[in-house]
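Contents: one structure, followed by commentary.
The values are calculated or read from the model by the stated rules, or taken from the named source; none is laboratory data. Just so we're clear, the structure is a prediction, and the values are computed from it rather than from any experiment. In this analysis, Cβ positions are derived from the backbone assuming ideal geometry, glycine residues included, and neighbour counts consider all displayed protein chains. For accessibility, only protein heavy atoms count, side chains too; no ligands or nucleic acids. Shrake-Rupley method; radii C 1.70, N 1.55, O 1.52, S 1.80 Å.
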Amino acid sequence: MSLLRSAARWLWPSVVAACAGTVVAGLVEGAGEGGVLGAIASAGFSSLLALPCLFVASVAVRALWVAWKPRELALVEDNGGAPRLAGWALTIVLGAFALAWAMFAGTWQLAGLTAFKPLPMSFAEPILAVAAALAIAILSRPVARAFTALARLADRRWTRTGRAPLFSPARIAIAAAVLAMAIVYALWRLMVLPRIGTLDLTPLRGPVAGLAALALAHVAWNRLAGARRLAGPALAALAAGAIATAMYAWRAEPSLTLSIWGDRPIAGLAIDRIFDLDRIRSDIPFAQFAPTPRAGAPHPDIILVTIDTVRADHTPPYGGHAEMPVLHELGQRGSVFEWAFSPSNVTRRSIPSLIIGLAPDRVRGRVVGWALRVDPRYVLLPERLRAGGYETAGFMCCEGIWGKSARTGLARGLDHLDIDPRENGSSLAKTAHAWLDERAASGDHKPLFLWMHLLEPHNWQAAYGMPRDDEERRRFYDRTLASSDRMLGELLAAFANRPPEQAPIIIVTADHGEALGDHGQPYHSTDLYDSQIHVPLVIAGPGIQPGRIPETVSLTDLAPTILDLAGFGPPDDRGIEGASFAGLATGRRPADPDGGVAYSAMIKDRSNPGGIKSIVHGRWKLIDNGSSAELYDVHADPDERSNLVAVKPALLQPLRMLLHERELRADVSPF
């Protein structure tokens with residue numbers, strides 16, 4: 001019993017410090033979340049993760065301190081000075097960053113030499129790491145001795161006048177921390193940011209604040225012995241109260257809980273790991289999602305192919321030079337939408353918007369990896385079609401977006417799901433073809449909705465290496481478009497022997513484009529110029545009228561359009577917005593070259609700066625970044641070189657009103 005009491009007494013400072021860190025981290029992260037209840041609940045959810053993590057960190061550091069017995073290392077001299085400690089501290093700081101720099105720079109060099117191929121990278125990186133670590137270890141002792149000698153010399157001169165030693169342990173700790181932060185900041189600004197672009201570090205505020213509070217709590221514990229009896233129970237009570245509030249929110253305020261899950265990184269992670277969000281969905285019968293059939297309307301097979309990272313002007317239907325004969329032929333016999341725009345400029349925002357039927361800033365969710373795990377209350381297009389009697393199948397490139405481990409929810413409603421583990425579109429298309437052949441041979445079936453997503457153009461640089469100039473960049477990119485076209489051909493070959501009246505309706509589009517150097521950007525996710533959001537959209541099949549559609553359309557409207565083409569009326573719930581443009585493809589209504597609206601938005605997250613929105617109405621496009629506006633005639637100026645804000649100010653107000661209306665919708669719950 002005495003041993004247990006001793007252990008409890010030794011652990012109690014770690015418990016109190018962990019509670020202090022937990023409370024501070026939770027309040028920093030939860031600030032501004034749904035009023036007082038939301039802030040406290042957010043702090044409580046984050047506490048479920050932070051409390052054990054901070055407690056373990058505290059115990060581990062204290063145990064290591066005891067095990068190392070730093071006083072026995074003779075790093076502090078009799079007069080209180082610590083020149084040896086200063087020498088080793090400086091050596092460790094510089095050595096750590098030398099190793100980090102070697103790995104960072106070396107990885108980039110290896111990536112250029114191997115085109116980031118996993119096998120050679122996996123062999124080369126350990127060799128690089130061991131070599132760099134050995135070199136630093138070999139140099140560490142002589143370097144530390146040199147720094148120690150310099151520190152001792154400076155300390156002697158400092159103490160000649162009777163002053164206390166310059167290099168005291170406390171000063172050394174502060175100086176080492178400041179130096180480390182300065183080096184991190186310099187490396188970040190000079191080496192990392194120019195290569196990776198935007199990276200949102202706001203999720204680190206809570207953890208950093210929690211670690212700082214943990215350290216300060218330990219310092220205060222040792223120096224303010226009189227306050228221990230009060231502070232300990234009070235901090236523990238605050239942490240327990242926050243957790244209790246979180247439990248209340250989970251049971252009584254599910255909408256608040258889901259809002260915290262989507263908005264707060266640490267609290268959301270706790271909710272994601274500890275609670276079963278998908279239980280909300282499992283209790284809802286599929287029949288509730290069923291769309292209303294239109295009287296006498298056929299229910300044709302529908303094939304949706306989304307190709308990652310395709311800008312329209314590089315494809316043949318839009319005057320591009322990429323070798324894409326399959327897409328070219330579809331454009332010849334189907335409808336080519338000349339002005340189709342993606343909802344955003346990254347996959348994790350565009351695909352959910354496209355498949356749910358809501359603007360990107362109305363799709364709530366949580367970023368996981370490079371995907372968005374959507375709020376489980378959304379109803380996806382495959383769920384609606386499945387409830388309406390369709391068989392649904394998905395052939396997808398990426399485990400991280402559609403796989404079970406990612407749990408994004410984007411595969412809901414797909415009866416059959418095939419994900420290629422190598423993200424190889426050629427293999428995926430062959431698998432889809434074989435599945436279609438097997439399905440056809442088995443007899444009569446329900447109507448089919450098949451969705452295939454190809455990744456190849458997204459990885460154009462990984463496939464061909466770093467381009468030497470803009471011309472080579474565009475050539476490399478066009479090669480991946482050509483390979484995607486061959487994959488499209490492989491899929492559609494499964495329908496070659498069908499009679500015309502049984503042919504599927506085929507829809508080919510993209511989630512976003514690629515800058516390829518336009519407006520100073522090499523890739524995507526950086527702006528809302530047409531190079532990143534003007535995408536191909538070709539629809540062909542029974543009932544589709546061949547021709548070119550000059551009216552502006554948004555891929556946010558693709559979900560209601562597909563439901564329309566499948567023979568269903570528009571859903572009457574708030575979980576889908578926009579209007580079907582199927583009438584344009586079937587010829588039920590004429591196109592208006594000066595009509596149609598497309599809204600796009602950049603949503604701030606860890607790798608997207610956000611804050612930029614655009615609206616296209618007919619030929620006119622407004623881009624608003626919050627502080628300035630750009631106006632373009634995209635028909636006459638497709639490269640968006642001539643900003644007409646000063647030339648045509650009368651056009652700004654109606655476009656701003658359209659944009660404002662869309663922004664107001666973002667605050668309206670779709671549930």
Quiz item: How many residues are touching a helix residue (DSSP H, G or I) at 6+ places or on another chain (Cβ under 8 Å) and either more than 25 Å from R364 (Cβ to Cβ) or open to solvent by 80 Å² or more (accessible area, probe 1.4 Å) (or both) when one looks only at region 646-671?
Solution: 1
Quiz item: So, of the residues in region 491-519 that are within 21 Å of I355 (Cα to Cα) and among the small types (G, A, S), which turns out to be surrounded by the most Cβ atoms within 10 Å (Cβ to Cβ)?
Solution: A510
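From the set of residues in region 5-48 that are of a type in the set (D, E, K, R) and in a helix (DSSP H, G or I), which is surrounded by the most Cβ atoms within 10 Å (Cβ to Cβ)? Explain how you work it out, then say what you get.
Residues of region 5-48 of a type in the set (D, E, K, R): 5, 9, 29, 33.
Among the residues that remain, those that are also in a helix (DSSP H, G or I) are: 5, 9, 29.
Details: R5: 9, R9: 9, E29: 29.
So the residue we want is E29.
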Quiz item: Which of the residues that make up region 629-643 are charged (D, E, K, R), touching a strand residue (DSSP E or B) at 6+ places or on another chain (Cβ under 9 Å) and open to solvent by less than 50 Å² (accessible area, probe 1.4 Å)?
Solution: E630, D633, E640
Self-check item: Close pairs (9 angstrom Cβ cut-off, 6 or more residues apart or separate chains): on the phi > 0 side of the Ramachandran plot in region 613-624, open to solvent by less than 10 Å² (accessible area, probe 1.4 Å) and part of a strand (DSSP E or B) anywhere
Solution: G618/T552
Quiz item: Yes or no: D530 crowded, with 23+ Cβ neighbours inside 10 Å, charged (D, E, K, R) and in contact (Cβ under 8 Å) with a residue 12 or more places away in the chain?
Solution: yes
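Quick grid of which residues meet (1) open to solvent by 60 Å² or more (accessible area, probe 1.4 Å); (2) in contact with a Lys or Arg (Cβ under 9 Å, 6 or more places away or on another chain); (3) in a helix (DSSP H, G or I); (4) touching a residue at least 60 places away in the same chain (Cβ under 8 Å):
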| position | (1), (2), (3), (4) |
| --- | --- |
| A50 | no, no, yes, yes |
| C53 | yes, no, yes, no |
| A67 | yes, no, yes, no |
| G80 | no, no, no, yes |
| R84 | yes, yes, yes, yes |
| W88 | yes, no, yes, yes |
| A98 | no, no, yes, no |
Exercise. Please go through region 375-417 and pick out each residue that is of a type in the set (D, E) and touching a Ser or Thr at 6+ places or on another chain (Cβ under 8 Å).
Key: E399, D415
Self-check item: The listed residue being under 21 Å from L555 (Cβ atoms) and loosely packed, with under 15 Cβ neighbours inside 10 Å, out of G618, G595, G626
Solution: G595
Quiz item: Restricting the search to region 563-578, which residues are outside any loop (DSSP other than H, G, I, E, B) and open to solvent by 10 Å² or more (accessible area, probe 1.4 Å)?
Solution: D564, L565
Quiz item: If you take the residues of region 495-513 that are assigned to a loop (DSSP other than H, G, I, E, B) and under 22 Å from G443 (Cα atoms), which of them is nearest to the chain's Cα centre (by Cα)?
Solution: P504
Quiz item: With P542, P590 as the choices, which residue is open to solvent by 10 Å² or more (accessible area, probe 1.4 Å), out of contact with any Phe, Trp or Tyr (no Cβ under 7 Å at 6 or more places or on another chain) and either in contact (Cβ under 8 Å) with a residue 24 or more places away in the chain or under 24 Å from R362 (Cα atoms) (or both)?
Solution: P542
Self-check item: Hits in region 35-70 - residues which are out of contact with any Ser or Thr (no Cβ under 6 Å at 6 or more places or on another chain) and within 19 Å of M247 (Cα to Cα)
Solution: G35, V36, L37, G38, A39, S42, A43, F45, S46, L48, L49, P52
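Kindly indicate whether R486 is in contact with a helix residue (DSSP H, G or I) (Cβ under 8 Å, 6 or more places away or on another chain), of a type in the set (K, R) and buried (at least 16 other Cβ atoms within 10 Å of the Cβ).
yes
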Exercise. Please verify whether region 594-601 includes one or more residues that are closer than 24 Å to I506 by Cα and out of contact with any Leu (no Cβ under 7 Å at 6 or more places or on another chain).
Key: yes
